[in-house]
Amino acid sequence: MKKIKVLMIVGMVSVMLAACGGRENEGGNEINASVSASEAQRDDLSAAGEEDGADAQNGEKQDDSTVLNAAAEELLKNAGFEDELNPADGATVEKLYGIGNAKEAVVYLSSGATAEEIALFSFEAEEDAKQAEELAKVRIQEQKESFESYIPKEVKKLDNAVIKRSGKYLAVCVADGKEAGEILSKYF
């Protein structure tokens, strides 16, 4: 009888956790919806071998979300991060960067033990990207001031942060190597 009660409780907790997880995703904002691409999009882009965001099958430009996610995926694999980066939700992105008008955003943050991060944005207009670039510079400066006092070795990464604006796109990457700039140049 005790086993049956325990199994029932475990089952109810599992159902409740699954339901809570579903509600969390439904409650996200527009940016949150684009934080991570579907596996199919990533696989399609990788299989096509496209570096400029063009669709190999019909020559049309892929949507911003696909391009941002492909760039983020390549950065995650090849930019030499020492920390594990995880996707950030829209509210966190807006709080950290002050950017609330992005059409699409793909942001990965470190655990806090390093300054490493990836932040990729697309906007409706080039002027919005220019304004966001200034906000990204403020974010990097704030990080420098923060890390100076408790993990000074991370300041070097922040000094070498890549902030790249190209048209309506903005890319920010804090990593330990030169690969990030090279990778971003292929996409933007």
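Look at the range 129-142: where a residue is touching a residue at least 24 places away in the same chain (Cβ under 8 Å) and a partner is of a type in the set (Lys, Arg), sitting 6+ places away or on another chain with Cβ atoms under 9 Å, you get Ala129/Arg165; Ala129/Lys168; Lys130/Arg165; Ala132/Arg165; Glu133/Lys164; Glu133/Arg165; Ala136/Arg165. Looking at the range 137-161, which of the residues that are among the β-branched types (Val, Ile, Thr) and over 20 Å from Leu75 (Cβ atoms) is surrounded by the most Cβ atoms within 10 Å (Cβ to Cβ)? My answer is Val155. Scanning the range 164-178 for residues that are surrounded by 17 or more Cβ atoms within 10 Å (Cβ to Cβ) and either farther than 16 Å from Lys77 by Cβ or in contact with a Leu (Cβ under 8 Å, 6 or more places away or on another chain) (or both) yields Lys164, Arg165, Lys168, Tyr169, Leu170, Ala171, Val172, Cys173, Val174, Ala175. For the range 61-82, the set of residues classified as under 18 Å from Lys157 (Cα atoms) and outside any helix (DSSP H, G or I) consists of Ala79, Gly80, Phe81, Glu82, listed by residue number.
Each row is one residue, and each column tells you yes or no for (1) in a helix (DSSP H, G or I); (2) surrounded by fewer than 18 Cβ atoms within 10 Å (Cβ to Cβ); (3) among the aromatic types (Phe, Trp, Tyr).
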residue: Glu84; (1), (2), (3): no, yes, no
residue: Val93; (1), (2), (3): yes, no, no
residue: Gly112; (1), (2), (3): no, yes, no
residue: Ala115; (1), (2), (3): no, no, no
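Scan (1) of a type in the set (Lys, Arg); (2) closer than 16 Å to Leu76 by Cβ; (3) at pLDDT 95 or above for the single condition Lys186 breaks and write down its number. So the condition that Lys186 fails would be (3).
The values are calculated or read from the model by the stated rules, or taken from the named source; none is laboratory data. Just so it is clear, the structure is predicted and the values come from calculations on it, not from any experiment. Virtual Cβ from ideal backbone geometry, glycine too; neighbours counted across all protein chains shown.
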